[in-house]
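To start, the structure under review is shown below, and the notes come after it.
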Amino acid sequence: MHILITGGAGFIGSHLVRALLERGDQVAVLDNLSTGSIENIRAFAHHPLYSFAIDDLRNELVLDRLASQADAIVHLAAAVGVQLVVERPTETIETNVIGTHTVLAAARRYRCRTLLASTSEVYGKGVKAPFAEDDDLLLGPSSRSRWSYAASKLLDEFLGLAAYREYDLPVTVVRLFNTVGPGQTGRYGMVVPRFVRAALRSEPIPVYGDGEQSRCFCHVRDTVRAVIDLLDRPEQTAGEIYNIGSSQEVTINQLAQSVIARTDSQSVLQYIPYSEAYAPGFEDMRRRVPDTTKLRTAIGWMPRYNLQQILDDVIDYERQQLATGA
Ligand code: UDP
């Protein structure tokens, strides 16, 4: 298959590129390098099945050319990271909504199989746990800019499902829960690389709030495997939404303690109020756990990596980075 990956220079995108090249697909990446990085994709530069365009996905001409050559599009490009979203809400909304609109328009012209990446953020505060795809969604008020990310990704979902219903475009939506692994930067707030880096440098571990909020961390290789399996089954999965995430729940305090133990670090926890970490009035999710029954039923997916293995992978990667002065 010839696959276009928007946001292919990002953390998840570059892992997806590697997996697709390994199985012999032809891969074109479109990325504006806003949060992605050239380092993530440097290793593929001379691969005969790989090509790369540095451009904004709102550039319709470029997207049209790339889509015209593609059988499938995996649309990962988006404004990511809660910190960025709180700081630059206009950019977040425009990138997400206009970007997805442009991708879907191109996909319709060339009848591309399309997989849209959404986020567990759309569940917002949640009405029950674990979160299932058909649950009602409970977002906070528009006066709090953090919700603009969820609202914009939700509109992306509606756009994708509308293209499926009205134009019979084979669109599948995936809601990605906390995804971690080697290569993720802590620059945009992601907790695991931040904790590991702090622990390896014997710096205080910054725990936001009381640390009793919980998350489920999924290894990026498990996430990518689910994405590829869904991509391969358009007849069965078009018009559907799937959660992708681990069900192993951990509080942020427990996560910090595990990181300290596995790095043998002298670091101590430093509690930082949300108002200081993000912005006054910031609302965090207390629990975020996916129900992945639907995904398991569709493709038989189960995560292969547990939290300890994920942490060890990230620790190895960050140690190498430290050694090379990165
Ligand atoms: N968090 C933290 N310290 C950090 C970064 C994040 O305590 O340096 C917390 C954050 O408030 C949230 C959880 O860790 O409760 C996961 O944050 P992340 O940004 O990785 O993903 P989110 O679940 O917010 O999308």
Residue under question is PHE11, and the condition is that it be of a type in the set (Phe, Trp, Tyr) and within 20 Å of GLU121 (Cβ to Cβ); does it hold? yes
Considering only region 233-275, state which residues are more than 15 Å from the ligand (Cβ to nearest atom) and of a type in the set (Val, Ile, Thr). THR237, ILE241, THR263
Could you please let me know if ASP284 is at pLDDT 95 or above and of a type outside the set (Ser, Thr, Tyr)? no
Is at least one residue of region 2-10 in a strand (DSSP E or B) and surrounded by fewer than 17 Cβ atoms within 10 Å (Cβ to Cβ)? yes
For ARG233, state whether it is under 28 Å from ARG18 (Cα atoms), out of contact with any strand residue (DSSP E or B) (no Cβ under 9 Å at 6 or more places or on another chain) and of a type in the set (Lys, Arg). no
If we keep only residues of region 146-188 that are away from the ligand (no atom under 15 Å from the Cβ) and in contact with a Lys or Arg (Cβ under 6 Å, 6 or more places away or on another chain), then the residue farthest from SER14 (Cα to Cα) is TYR167
Neighbours by Cβ (under 7 Å, 6+ apart or cross-chain): first from region 96-119, farther than 10 Å from LEU57 by Cβ; second polar (S, T, N, Q) and surrounded by fewer than 22 Cβ atoms within 10 Å (Cβ to Cβ): TYR110/SER68
Cβ pairs under 7 Å, 6+ apart or interchain, first in region 199-215 and within 21 Å of VAL314 (Cα to Cα) and hydroxyl-bearing (Ser, Thr, Tyr), second more than 8 Å from the ligand (Cβ to nearest atom) and in a strand (DSSP E or B), ordered by first then second residue, are SER214/GLU249; SER214/VAL250; SER214/THR251
For region 38-55, give me each residue that is surrounded by fewer than 17 Cβ atoms within 10 Å (Cβ to Cβ) and either among the basic types (Lys, Arg) or outside any strand (DSSP E or B) (or both). ILE38, GLU39, ARG42, ALA43, ALA45, HIS46, HIS47, PRO48, LEU49, ASP55
Of the residues in region 22-37 that are β-branched (Val, Ile, Thr) and under 17 Å from the mean Cα position of the chain (by Cα), the one that is surrounded by the most Cβ atoms within 10 Å (Cβ to Cβ) is VAL29
For residues that are in a loop (DSSP other than H, G, I, E, B) and among the polar types (S, T, N, Q), scanning just region 189-240, find the one that is nearest to LEU76 (Cα to Cα). GLN213
Would you pick out the residues in region 245-275 that are in a loop (DSSP other than H, G, I, E, B), crowded, with 16+ Cβ neighbours inside 10 Å and out of contact with any Ser or Thr (no Cβ under 9 Å at 6 or more places or on another chain)? GLN248
For region 52-66, enumerate the residues that are under 22 Å from the mean Cα position of the chain (by Cα) and farther than 23 Å from GLU91 by Cα. PHE52
Kindly list the number of the only condition in (1) within 16 Å of ALA78 (Cα to Cα); (2) in contact (Cβ under 8 Å) with a residue 60 or more places away in the chain that fails for VAL29. (2)
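For (1) among the small types (Gly, Ala, Ser); (2) in contact with a strand residue (DSSP E or B) (Cβ under 6 Å, 6 or more places away or on another chain); (3) part of a loop (DSSP other than H, G, I, E, B); (4) within 16 Å of the ligand (Cβ to nearest atom), each residue gets a yes or a no:
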position	(1), (2), (3), (4)
ASP64	no, no, no, no
ALA79	yes, no, yes, yes
VAL85	no, no, no, yes
ASN96	no, no, no, yes
ALA107	yes, yes, no, no
SER118	yes, yes, no, yes
LYS128	no, no, yes, no
SER143	yes, no, yes, no
Return the residue satisfying two criteria in turn: it lies in region 140-173 and is farther than 17 Å from THR102 by Cα and under 19 Å from the mean Cα position of the chain (by Cα), and of such residues it is surrounded by the most Cβ atoms within 10 Å (Cβ to Cβ). TYR149
When region 162-184 is examined, which residues are found to be in a strand (DSSP E or B) and out of contact with any Gly (no Cβ under 6 Å at 6 or more places or on another chain)? THR172, VAL174, ARG175, LEU176, THR179, VAL180
Restricting to region 276-311, count the residues that are away from the ligand (no atom under 16 Å from the Cβ), surrounded by 15 or more Cβ atoms within 10 Å (Cβ to Cβ) and of a type in the set (Val, Ile, Thr). 2
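The values are calculated or read from the model by the stated rules, or taken from the named source; none is laboratory data. Bear in mind the structure is a predicted one, so any value in this text is a computation, not a measurement. Using ideal geometry, Cβ is built from the backbone for each residue, glycine included, and neighbour counts are taken over all protein chains shown.
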